[in-house]
Amino acid sequence: MAKTSRRKLLKGAAASVSTLALAATPLSRAIPVQASEAIGPAPGVLARRGRNLSAALAERGAPSGGLLPATHAISVPLPTGSGTAVAAQQAAASAESSVVRMQAELKRAMEKPIAQRKWTMVIDQRKCVGCSACTVACIAENNLPPGIAYRPVLEEEIGEYPKVTRRFTPRPCMHCDEPPCVPVCPVGATYKRPDGVVVINYDRCIGCRYCIVACPYGARSFDFGEHYTDGTPGRQPYEESPALEYGKEWSRSSVEGITRKCHFCVHRLNAGMLPACVTTCIGEATYFGDLNDPESLVTELVTSGRAVRLKEELGTKPNVYYLV
Amino acid sequence: MSAKVLKSAFWGVGVALVLAGSWAWIDRWVNGEKNANYGSLVPWGLWVAAYIYFIGLSAGSFLVSSLVYVFQLKRFESIGRLALFSAVVTLILALLSISADLGHPFRAWHVLVYPNFGSPMAWMIWLYSAYFAVIMLELWFVLRYDLVVASKSAGFRGTFYRMLVFGSRDESPETLASDRQIVRILATIGVPVAIMFHGGVGALFGVISARPAWHGGLFPILFLVSALASGGALLAIVSAVFQDGLRRNRDTVLALGTLVLGLLAIDLLLQISETLVGFYGNEPARIANLKTIYGGPYWWVFWVWQLGLGTLVPLALLVLPATRKDPRVVAGACGLIAVGFLAVRLNIVIPGLADEQLAGLSEAFSSPRLTTDYVPSTIEFLFTAGLVGIGLLLFGLGEWLMPHGGEPSAGEAPAVGTEGSHVTA
């Protein structure tokens, strides 16, 4: 058992090294922003995004961003025949990165009407090393203030020395099919979109925090209007730069005093890009796609027999699955 | 101490609290909720606890007033208007408290324009709006006749009363009779509204399956019983102090003491039931909640404040033959109960939230907003203290300006407008 997990860790590390190298490339090269065909609506938003880190990360995920050769470099020789070979590992072991595959599936899904998509996330807890890159990428992507992390990574220690291990649980919003947060909102500011994403209308939210109370996963946060550079000689301009969630520009003050949450990066999905946490995961432990697509990677994983959901007993029917 | 000294002390405390609270009030509007200590794991704190405390007092007071205006109980007639007045004052405090807690209080109108009929919170807002309208109207109709009579007095009082009755001089017995009819209708409407409103607030908590400490069918009932007990207790102390109450309301205070005793006993029964069933069920989240209440950092809120001073001491005073016939002691015991219910409310709201929804959640991301440790900040305390101050001042103004009226004993009419004739106990 211990050997198996060590092998997996090594495997994950091998993948991480290549991914890190990959991630470093665009940063050092300062890639030009291209409104390629993969990017549909809101080119203005993307042009603005080009100024920050997320642009580099986003562009890397785009197959037509001029980075495809680099992506091919991800094919790392992996040990085979581990006994627990599942679809994900086969995908990872193949020449194609799962990110590239999911990218293509995303494009396919976006061609369908919105009601026919069912966005689903799968997180492989055996591959997750608890690096929190997803947490940080999400904060950068959504320009989150202090005290808000849409996707923290929970850490648990299991067992006692010398038989001890750690389990990491990245916790985005579960985007439940029966979301307990939605019916309680007094003004209908939070709702479930036809593609399954639970979103918040920031202009309508009155800041009562009832939804935060009702969420069994702690996946909602109140924006107290704080800044990282409060209490320093000067508030830095980057903290006043807008959040680009939902494909709009939200000034810092417009999102103060309301509830905020993970939205599966719908603004990126609309632009043909995977969520920030997916493209930044160093071990490709986070998968994203359309569960209504029988050919999709997430469908393979969800039906692998390894997939579980958090607090199943509450009947919330999350759309985030964990591979245990 | 003379009554005058006590009265000055009362006003002094009220003004001091309001001044302290206005600093917090300004801070709230300038800095938003930055200086409040609740966060995203414990999203509701002192202000929500104070809110449900004040609405409990309000609903309880109102339901006692309905004993007079709906059920025509003579025993409580002398405090009917006072009960109604208390309901209005405490509702104002409740709404001020929750307005500070709301991230965007100026978007509150959204609940009318974008209603979500499935939300207990939306129903609560509609119902307290309706409730507010009903009790304000009812209070006006209860006082109208006495205000018209009193508006003939000279000076500031006369002008003030004339403004309140919009210049009406109608003293006819027909109008008085129609007033009473209207009051009865309004009170009859008010009873189900108050029950739905306050039971609905209990439901607002009780429906949340994500919070096992609240989730269950008992919560709406518990809220109603707590409201009646705390509201009745508040009325007992207020009617002993207000406008020479001990002399005028002696027997009513004793009756209220008995009523509160019974309600407190039922409340205790329900709480014991919740606790024992919770412990026996051994559900981790319930156990964690009970442990937080009984053995957490704020154990004294339960053991000293809620159970000791708020329950056992007053229960003894209301039961022991040596003390239960003394209206001063009964009023004091009820005062303890009324204050003790704030601890009940705190112990509902905060420990119910201060538990990790998922193991490791409070340590996954370092931030004071993402922790289960919650202590109200100075600003939160001052703000709530300021609300208490506003309450004291409103009661003080009421005691000073409200026409006595409705008194069974003779000689009340000349007393109106003769300042300084009221002696506080």
Under the 7 Å Cα-to-Cβ spin-label approximation, A:Y228 and A:R309 lie apart by a distance in nanometres of 3.5
At q = 0.18 1/Å the base-10 log of I(q)/I(0) from the Debye formula over the alpha-carbon atoms of the range B:68-199 is -1.06
Would you please give the FRET efficiency between B:A3 and B:V277, computed as 1/(1 + (r/R0)^6) with r the Cβ-Cβ distance and R0 = 51 Å, to the nearest 0.05?
0.55
Can you tell which of B:F166, B:F395, B:F141 shows the greatest fluctuation in a Gaussian network model of chain B with Cα springs below 10 Å?
B:F166
What nm distance separates the two modelled labels at A:R193 and A:R235, each placed 7 Å from Cα along Cα→Cβ?
2.9
In terms of Cα to Cα distance under 16 Å, which aspartates and glutamates are near enough to B:K325, apart from those fewer than 8 places away along the same chain?
B:D251
What nm distance separates the two modelled labels at B:I182 and A:Y161, each placed 7 Å from Cα along Cα→Cβ?
7.9
Angstrom value of the Kirkwood radius, inverse mean 1/r, which spans all Cα pairs in the range B:319-413
18.3
Backbone N within the range B:356-377 under 16 Å of label point (7 Å from B:K291 Cα along the Cβ vector)
B:356-362, B:372-373
How large is log10 I(q)/I(0) at q = 0.17, 0.31 Å⁻¹ when the Debye formula is applied to the Cα atoms of the range B:146-186, each weighted equally and without solvent?
-0.48, -0.97
Each residue of the range B:156-162 in turn: what ³J(HN,Hα) in whole Hz from Karplus with 6.51, -1.76, 1.60 and θ = phi - 60°, glycine and Pro shown as x?
4, 4, x, 4, 4, 5, 4
Pick out which of B:G103, B:G200, B:G352 has the largest mean-square fluctuation in a Gaussian network model of chain B, springs linking Cα atoms closer than 10 Å.
B:G103
Test item: B:35-45 mean partner chain Cβ contacts at 10 Å
5
Return the ratio Rg/(2.2 N^0.38 Å) for the range B:224-358, where Rg is computed over Cα atoms only.
1.17
Where q = 0.10, 0.12, 0.21 Å⁻¹, what log10 of I(q)/I(0) comes from the Debye formula for the range A:228-324, counting one point per Cα?
-0.43, -0.59, -1.17
Derived scalar couplings ³J(HN,Hα) [the range A:306-318; Karplus, 6.51 cos²θ - 1.76 cosθ + 1.60; whole Hz; x for Gly, Pro]
9, 7, 10, 10, 6, 6, 3, 5, 7, x, 7, 6, x
Buried accessible area for the A:B pair, summed, 1.4 Å probe, in Å² rounded to 100?
3500
How do B:W109, B:W44, B:W25, B:W126 stack up against each other in accessible area, from largest to smallest, with a 1.4 angstrom probe?
B:W109, B:W25, B:W126, B:W44
When every protein chain stays in place and a 1.4 Å probe is rolled, B:W23, B:W11, B:W300 sorted by accessible area with the largest first are B:W23, B:W300, B:W11
Starting from the amide H of A:L154, placed 1.01 Å from N in the peptide plane, find each other amide H under 5 Å away whose residue is 5 or more places distant or on another chain.
A:T169, A:R171
Accessible area, 1.4 Å probe, largest first: how do B:L137, B:L67 sort?
B:L137, B:L67
Check cross-link reach from A:K107 to the lysines: straight Cα distance under 24 Å, and skip same-chain residues fewer than eight apart.
A:K118, A:K192, A:K248
Could you go through the range B:23-34 in sequence order and give the Karplus-derived ³J(HN,Hα) for each residue, using 6.51 cos²θ - 1.76 cosθ + 1.60 with θ = phi - 60°, rounded to whole Hz, and x for Gly and Pro?
4, 5, 4, 4, 4, 4, 7, 7, 9, x, 9, 4
Output for the range A:258-301 (equivalent-ellipsoid semi-axes, sqrt of 5λ from the C-alpha gyration tensor, Å, descending) is 20, 14, 11
Would you mind checking the tilt of helix B:80-101 against the longest principal axis of the Cα atoms of chain B, expressed as 0 to 90 degrees and rounded to 10?
40
Using a Förster distance of 51 Å, the FRET efficiency for B:R169-B:A16 (Cβ separation, nearest 0.05):
0.80
For helix B:327-353, what angle does its Cα long axis make with the longest principal axis of chain B, in degrees from 0 to 90 and rounded to 10?
30
For B:F383, what accessible surface area do you get with a 1.4 Å probe? Give it in Å², rounded to 10.
0
Subtracting the Cα-Cα distance from 0.36 nm times the residue separation, let me have the gained length for B:N35 to B:L112 in nm, one decimal.
24.8 nm
Helix B:250-281 axis, angle to chain B major axis (alpha carbon atoms, nearest 10°)
10
Cα pair distances in chain B, grouped into 10 Å bins until the bin that holds the longest one, percent each:
5, 20, 31, 26, 13, 4, 1, 0
For the range A:102-195, what's the radius of gyration and Dmax over Cα atoms, in angstrom?
17.2, 53
How long are the semi-axes of the equivalent ellipsoid of the range B:1-98, taking √(5λ) for every eigenvalue λ of the Cα gyration tensor, in whole Å from largest down?
32, 22, 9
If you take the Cα atoms of the range B:105-171, find Rg, then find the Kirkwood Rh from the mean of 1/r over all pairs, what is Rg/Rh?
1.25
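The values are calculated or read from the model by the stated rules, or taken from the named source; none is laboratory data. Keep in mind the model is a prediction, meaning the values are calculated, not measured. Because the Cβ atoms are built from the backbone with ideal geometry, glycine has one as well, and the counts that use them run over all protein chains shown. These accessible areas exclude ligands, DNA and RNA; they are computed on the full protein's heavy atoms, side chains included. Shrake-Rupley method; radii C 1.70, N 1.55, O 1.52, S 1.80 Å.
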